[in-house]
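A short write-up of the structure that comes next.
The values are calculated or read from the model by the stated rules, or taken from the named source; none is laboratory data. The shown structure was predicted, so the numbers you read here are calculated from the model rather than taken from an experiment. Reconstructed Cβ throughout: ideal geometry from the backbone, glycine too, with neighbour counts over all protein chains shown. These area figures cover heavy atoms from the full protein model, side chains too; ligands, DNA and RNA do not enter into them. Shrake-Rupley method; radii C 1.70, N 1.55, O 1.52, S 1.80 Å.
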Amino acid sequence: MVDFAKVNAAADRIAARAVRTPVKRSQALDEALSCQVYLKCENLQKSGAFKFRGACNALLQLAPEQRQQGVVTVSSGNHGAALAAAGQMLGVKVTVGVASNASAFKRANMQRYNANIIPIEPGMAAREAFLAEQQSQNAIIIPPYDHPDIIAGQGTAALELLEDYPHLWGVMTPLGGGGLLSGSCLVAAHYDAFCYGIEPELASDGKHSLQTGEIQPAMPPTSICDGLLTSLGKHTFAIIKEQVTDILLVSDEEAAAAQQLVDKTTGMWIEPSSATVIAAIQRYPEIFREKSIGVIISGGNCTRFT
């Protein structure tokens, strides 16, 4: 079981290797959104996304013989690059099953850290089949989100944010498989803060899972928010359904507009997946107006024009 203590332990474990990312403020952004926004800049994390936290935490807990064997995962890009970056640091070979339609930018980022890339078809079925085949060969699987060590590691971003700004009314994160959101929920609950997950309308299985009480399958991979096109896992959903304040939906058009707004007001070009949190503040002003909100900018691995 993952709890706040395990997030704390993960923070200590990865402290010497992960970046304690800055929290940025922008008066222009605050004015545009009619609230006080604290941007936890995981786009400035190693490998360009929050995923390095969980990947590093997971690899650090492998036995020496497991590190020597190497590990396998599937990824649209950010987890694969993070695992490869942590693997390069710790001497662990990393193999990644990557969808044939994955972002060229993210594919190049994985190759930068010497990941062994194996092409697979897009969609959850192909991801699951690839992992099942690898598992049948006794590979060590480090999944992108549905693993206690990954969840604890991802929660360290929110932990740093709330350690620095304990007065925040709430925390918001994008929602794909739920590693970041579930870890953040554990931290937010400890600080008596609200916690929201944000999904694209075209990948709203998390919202439907919360409404039905059962994990719903991923929708067809059509959203521009390529980092969020997965379904929840049993570990992440168990936390989210108990701890999350709500899951809010935004359109791809709203995410793209928010991406432009962040660029205009802060000079940072972030992923559409990351921009969903800003899009949600714009779409639901009745929830967030005049509040102090911490948002996890989950990554910046995208080309300037998408």
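Summary table below
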read-out: Test: Asp205 is without any contact (Cβ under 8 Å) to a residue 40 or more places away in the chain and not hydrophobic (A, V, I, L, M, F, W, C); value: yes
read-out: Residue check, Ala279 open to solvent by 40 Å² or more (accessible area, probe 1.4 Å) and of a type in the set (A, V, I, L, M); value: no
read-out: Close pairs from region 134-157: first under 26 Å from Arg20 (Cβ atoms) and aromatic (Phe, Trp, Tyr), partner modelled with pLDDT of 95 or more and surrounded by fewer than 24 Cβ atoms within 10 Å (Cβ to Cβ), Cβ under 7 Å, at least 6 apart; value: Tyr145/Gly233
read-out: Those residues of region 157-180 which are over 19 Å from Thr245 (Cα atoms) and assigned to a helix (DSSP H, G or I), in sequence order; value: Glu160, Glu163, Asp164
read-out: Residue within region 63-75 that is farther than 21 Å from Asn301 by Cα, without any contact (Cβ under 8 Å) to a residue 12 or more places away in the chain, outside any helix (DSSP H, G or I) and open to solvent by 10 Å² or more (accessible area, probe 1.4 Å) present; value: yes
read-out: Identity of the residue in region 1-41, among the hydroxyl-bearing types (Ser, Thr, Tyr) and either assigned to a loop (DSSP other than H, G, I, E, B) or on the phi > 0 side of the Ramachandran plot (or both), that ends up surrounded by the fewest Cβ atoms within 10 Å (Cβ to Cβ); value: Ser34
read-out: Qualifying residue in region 77-90 (condition: crowded, with 24+ Cβ neighbours inside 10 Å, assigned to a loop (DSSP other than H, G, I, E, B) and on the phi > 0 side of the Ramachandran plot); value: yes
read-out: Hey, Gly183 open to solvent by less than 10 Å² (accessible area, probe 1.4 Å), part of a helix (DSSP H, G or I), in contact with a Leu (Cβ under 7 Å, 6 or more places away or on another chain) and of a type outside the set (Asp, Glu) or not; value: no
read-out: Scan of region 42-51 for residues that are open to solvent by 50 Å² or more (accessible area, probe 1.4 Å) and in contact (Cβ under 8 Å) with a residue 60 or more places away in the chain, ordered by number; value: Leu44
read-out: Complete set of residues in region 114-124 that are open to solvent by 60 Å² or more (accessible area, probe 1.4 Å) and closer than 16 Å to Ala102 by Cβ; value: Asn116, Pro119, Glu121
read-out: Residues located in region 118-143, provided they are in a loop (DSSP other than H, G, I, E, B) and touching a Pro at 6+ places or on another chain (Cβ under 9 Å); value: Pro122, Gly123
read-out: Residues of region 99-117 satisfying the condition of being at pLDDT below 95 and part of a strand (DSSP E or B); value: Ala99
read-out: Residues of region 271-306 classified as out of contact with any strand residue (DSSP E or B) (no Cβ under 7 Å at 6 or more places or on another chain), assigned to a loop (DSSP other than H, G, I, E, B) and of a type in the set (S, T, N, Q), total; value: 2
read-out: Failed criterion for Thr303 (all others in (1) within 24 Å of Glu160 (Cβ to Cβ); (2) open to solvent by 30 Å² or more (accessible area, probe 1.4 Å); (3) among the β-branched types (Val, Ile, Thr) hold); value: (1)
read-out: Of residues in region 158-180 being open to solvent by 20 Å² or more (accessible area, probe 1.4 Å) and without any contact (Cβ under 8 Å) to a residue 60 or more places away in the chain, the one farthest from Asp3 (Cα to Cα); value: Pro166
